[in-house]
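A quick write-up on the structure given underneath.
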Amino acid sequence: MERTLCIIKPDGVKKNVQGHIIQMLTDAGFDIIGMKMTHLSSAQAKSFYEVHKERPFYNDLISYMTSGNVIAVALKKDNAVADYRKLIGATDPAEAEDGTIRKKFAASKQENSVHGSDSVENGKIEVGFFFAECELY
Ligand code: IDP
Ligand code: MG
């Protein structure tokens with residue numbers, strides 16, 4: 001079975017919608033195999049989003065991702081990566097389909113409530129960014 005990483009981003013935690021988001025994950029058939037709250041340091045956020053470092057929104061993204069607590073949720077399911085991307089919807093909530101997590105909760109293209117891994121390979125890598133293998137159940 002595939003693994004993928006959800007991060008409930010600072011806007012989601014500040015709005016206190018983490019419970020709703022977790023309910024949507026389990027209703028959609030994902031198994032939670034690890035979960036933790038943390039507050040990313042600038043170095044951690046920069047490393048996690050290194051792929052975007054040449055993008056114009058990179059510095060704002062780092063400020064935002066370090067502006068509050070986040071909740072990392074490691075998920076497992078058949079076809080987890082694609083199914084989770086479908087559940088969260090498009091990056092920009094204005095373009096996200098009805099019923100998706102970002103359509104329901106996201107404020108803007110930047111403050112879009114959740115992170116999602118973009119490939120099976122990155123799903124494994126990103127779960128490993130937040131969790132040691134012994135913390136996954
Ligand atoms: P994704 O989260 O849907 O995979 P990416 O393109 O990988 O989207 O971008 C990572 C994160 O960077 C987004 O979730 C969002 O928070 C932020 N971001 C992406 N594009 C923009 C933009 O054009 N303006 C502001 N923030 C952006
Ligand atoms: Mg991405």
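The values are calculated or read from the model by the stated rules, or taken from the named source; none is laboratory data. Small disclaimer: the values here were computed from a predicted structure and weren't measured. Glycine also receives a Cβ, built like all others from the backbone with ideal geometry; neighbour counts cover every protein chain displayed. Note: accessible area is taken over every heavy atom of the protein model, side chains too, but ligands, DNA and RNA are not part of it. Shrake-Rupley method; radii C 1.70, N 1.55, O 1.52, S 1.80 Å.
Taking only Cα atoms and a 10 Å spring cutoff, compute GNM fluctuations for the chain and point out the largest among Gly99, Gly12, Gly116.
Gly99
Mind ranking Val51, Val114 by accessible surface for me, highest first, 1.4 Å probe?
Sorted by accessible area, descending: Val51, Val114.
Report the percentage of all Cα-Cα pairs in the range 21-60 whose separation exceeds 17 Å, rounded to a whole percent.
Value for the range 21-60 (Cα pairs over 17 Å): 53 percent.
When only Cα pairs under 8 Å and 6 or more residues apart are kept, what is the percent relative contact order across the range 38-83?
Value for the range 38-83: 53 percent.
Please give the net charge around Met1, taking every other residue with its beta carbon less than 13 angstrom from that of Met1, where Lys and Arg add +1 and Asp and Glu add -1.
That sum, taken over residues with Cβ under 13 Å, equals 0.
Would you mind getting the accessible area per residue of the chain, heavy atoms of the protein chains only, 1.4 Å probe, in Å²?
Per-residue accessible area for the chain comes out at 52 Å².
Work out from phi, with θ = phi - 60° and the Karplus expression 6.51 cos²θ - 1.76 cosθ + 1.60, the ³J(HN,Hα) of each residue of the range 77-83, listed in order in whole Hz, and give x for Gly and Pro.
5, 4, 6, 4, 5, 5, 5
Quick one: plug the Kirkwood hydrodynamic radius of the chain (C-alpha pairs) into Stokes-Einstein at 20 °C, 1.002 mPa s, and report D in µm²/s.
Here the translational diffusion coefficient equals 145 µm²/s.
Among the GluC sites (Glu not before Pro) in the range 36-137, which ones are in a DSSP loop with at most 13 other Cβ atoms within 10 Å of the Cβ? Mind listing them?
Glu54, Glu97
Which value at 222 nm does the chain reach when only helices count, each DSSP H run of 4 or more adding -39,500 (n - 2.57), with the total divided by all residues and rounded to the nearest 500 deg cm²/dmol?
-10500 deg cm²/dmol
Calculate one ³J(HN,Hα) per residue across the range 100-105 by plugging θ = phi - 60° into the Karplus curve 6.51 cos²θ - 1.76 cosθ + 1.60, and present them in order as whole Hz with x for glycine and proline.
Result, ordered by residue: 7, 4, 5, 4, 6, 10 Hz.
Relative contact order of the chain: what whole-number percent is it, with Cα pairs under 8 angstrom and at least 6 residues apart?
Reported as a whole number, the value is 40 percent.
Treating cross-link reach as a plain straight distance, find the lysines whose alpha-carbon is under 28 Å from the alpha-carbon of Lys76, omitting any fewer than eight places away in the same chain.
Straight-distance partners of Lys76: Lys9, Lys14, Lys15, Lys36, Lys46, Lys86, Lys103, Lys104, Lys109, Lys124.
On the first, second and third principal axes, largest extent first, how far apart are the outermost C-alpha atoms of the range 38-98 in Å?
For the range 38-98, the Cα extents along the three principal axes come out at 32, 26, 21 Å.
With a 1.4 Å probe and all protein chains left in place, how much of the accessible area of the chain comes from carbon and sulfur atoms, in whole percent?
Here carbon and sulfur together make up 49 percent of the probe-accessible area.
I need the phi-derived Karplus couplings for the range 119-127: 6.51 cos²θ - 1.76 cosθ + 1.60, θ = phi - 60°, integer Hz, Gly and Pro marked x.
These are the phi-based 3J(HN,Hα) values: 7, 4, 4, 5, x, 5, 5, 6, 4 Hz.
Largest first and to the nearest Å, give the Cα extent of the range 73-136 along each principal axis.
Over the range 73-136, Cα extents along the principal axes are 38, 22, 16 Å.
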